[in-house]
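Read through the structure below, which is laid out as structure tokens, and then see the notes.
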Amino acid sequence: IPHHGLGPRGANALADVLGRNSTVKVLDLTSCAVEEGGGAIGRALQINRTLLKLDLTGNRLGGEGGADVADMLQFNGTLKILILKDNRLGDHEAQLFSEGLRQNSSLQVLDLSYNSIGDIGAIALGAGVGGNDGLKELNLARNCIRPKGVAGLLNGMKDNGVLTTLNLEASGVGDAGQAVASFLVKNSAIQTLNLRRTRLSDASLVLIARAFEQNYSVQTLDISDNPFSNAGALALFKSLLQSNSMTRLIMRNVKLTKEARPKIDELLTEKPDLSIVEISDADEMIAEKEIKNGMGVAAAAAAMAAAALEAAEARRLAEMPILPAVEVKLQKEPSIVITAEGEDDAGLAAREE
């Protein structure tokens with residue numbers, strides 16, 4: 001029942017039902033203005049043994065509502081998917097979720113994206129995930145996590161052998177790539193890693209690239225919208241030539257020069273199972289829409305390939321030197337008049353008049 005404006009009072013009434021529910025397995029309360037009413041829902045789920053998925057996206061739970069939802073994890077052994085995107089959760093709530101995760105083995109997906117979790121909360125979550133043996137996906141995109149928090153998070157979960165998907169989009173990696181590299185060397189379970197918009201520098205990407213020579217689990221890597229240049233990208237391409245696990249590399253909106261193109265072509269030739277996504281999100285959405293509208297997979301793939309070529313051509317043209325303007329003056333051509341045979345000058349002048 002998304003977008004229904006339940007409010008705190010409606011959430012309290014729903015919580016009373018959830019405490020006695022034995023049939024509902026999926027509950028979507030996206031943007032229902034639940035707010036502090038999330039506390040009642042959390043307490044109800046301590047005794048609920050039926051619900052498998054709960055989506056509380058955009059409900060402004062804050063500290064009061066978020067705390068009870070976090071505490072619920074210590075008692076609930078049924079819930080598998082918990083989505084808490086955009087709920088004004090901070091470090092304190094993250095610490096409570098860490099404690100809950102240590103005592104929970106049923107939750108498989110936890111989405112805490114678009115909140116206000118900082119370094120302290122990230123470090124605590126790393127410890128919680130490190131002591132958890134059930135969580136497979138953790139989404140921390142677009143929080144307030146800086147390099148120190150990223151390092152603490154990854155260090156805490158480096159020995160976790162269950163987590164397969166980690167989203168750190170818009171977190172602060174910057175020049176602190178060693179933390180990511182160390183995690184990749186020690187962890188053998190992670191399969192999908194999102195480092196989009198993490199301000200990855202060349203130095204960081206070089207370190208991460210070397211780690212892929214010792215990592216055999218990562219299949220999908222997203223490094224889109226980062227400021228690294230050819231130096232970092234070429235180091236990564238070289239390492240991926242030695243990797244047999246990577247099947248999808250996403251690097252949208254990355255500023256590489258034409259010198260990198262032969263290396264990309266070489267990588268794709270040597271690794272036919274690897275796909276490199278360079279087209280923008282907008283172009284990909286158009287292609288997906290065309291598939292849904294009946295264009296067909298092959299035609300849509302061709303459209304996506306054409307879009308990629310257009311993007312490459314645009315980059316090539318942008319790199320071409322701009323030639324100085326040349327002023328061209330046109331001269332008036334002399335007119336040619338053909339006279340009739342035997343016509344004298346007087347006749348010609350009369351005809352011109």
>> Suppose we filter the range 91-120 for residues that are of a type in the set (Gly, Ala, Ser) and more than 17 Å from Glu169 (Cα to Cα); how many remain?
In response: 5
>> Looking only at residues that are among the β-branched types (Val, Ile, Thr) and more than 16 Å from the chain's Cα centre (by Cα) in the range 146-174, which one is most open to solvent (accessible area, probe 1.4 Å)?
In response: Val162
>> Can you say whether Ala233 is over 18 Å from Ile276 (Cα atoms), hydrophobic (A, V, I, L, M, F, W, C) and either in contact (Cβ under 8 Å) with a residue 40 or more places away in the chain or open to solvent by less than 10 Å² (accessible area, probe 1.4 Å) (or both), as far as the supplied structure shows?
In response: no
> Quick one: is Val109 open to solvent by less than 20 Å² (accessible area, probe 1.4 Å), of a type in the set (Val, Ile, Thr) and either without any contact (Cβ under 8 Å) to a residue 60 or more places away in the chain or farther than 15 Å from Asn160 by Cα (or both)?
Replying inline: no
>> Just to check your reading of the model, which residue among Leu52, Leu73, Leu96 is within 25 Å of Gly131 (Cα to Cα), open to solvent by less than 10 Å² (accessible area, probe 1.4 Å) and out of contact with any Cys (no Cβ under 9 Å at 6 or more places or on another chain)?
In response: Leu73
> Is it the case that Arg88 is touching a helix residue (DSSP H, G or I) at 6+ places or on another chain (Cβ under 6 Å), of a type in the set (D, E, K, R), under 21 Å from Leu138 (Cβ atoms) and not in a helix (DSSP H, G or I)?
Replying inline: yes
> Which is open to solvent by 10 Å² or more (accessible area, probe 1.4 Å), within 19 Å of Ala122 (Cα to Cα), touching a Leu at 6+ places or on another chain (Cβ under 8 Å) and touching a residue at least 24 places away in the same chain (Cβ under 8 Å), of Ala33, Ala67?
Replying inline: Ala67
> Within the range 16-34, how many residues are at pLDDT 95 or above and assigned to a helix (DSSP H, G or I)?
Replying inline: 0
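The values are calculated or read from the model by the stated rules, or taken from the named source; none is laboratory data. Keep in mind that this is a model prediction, so the values were computed, not measured. Cβ atoms come from the backbone with ideal geometry, glycine included; neighbour counts cover every protein chain shown. When the accessible area is computed, the model is the full protein with side chains, heavy atoms only, and any ligands, DNA or RNA have been set aside. Shrake-Rupley method; radii C 1.70, N 1.55, O 1.52, S 1.80 Å.
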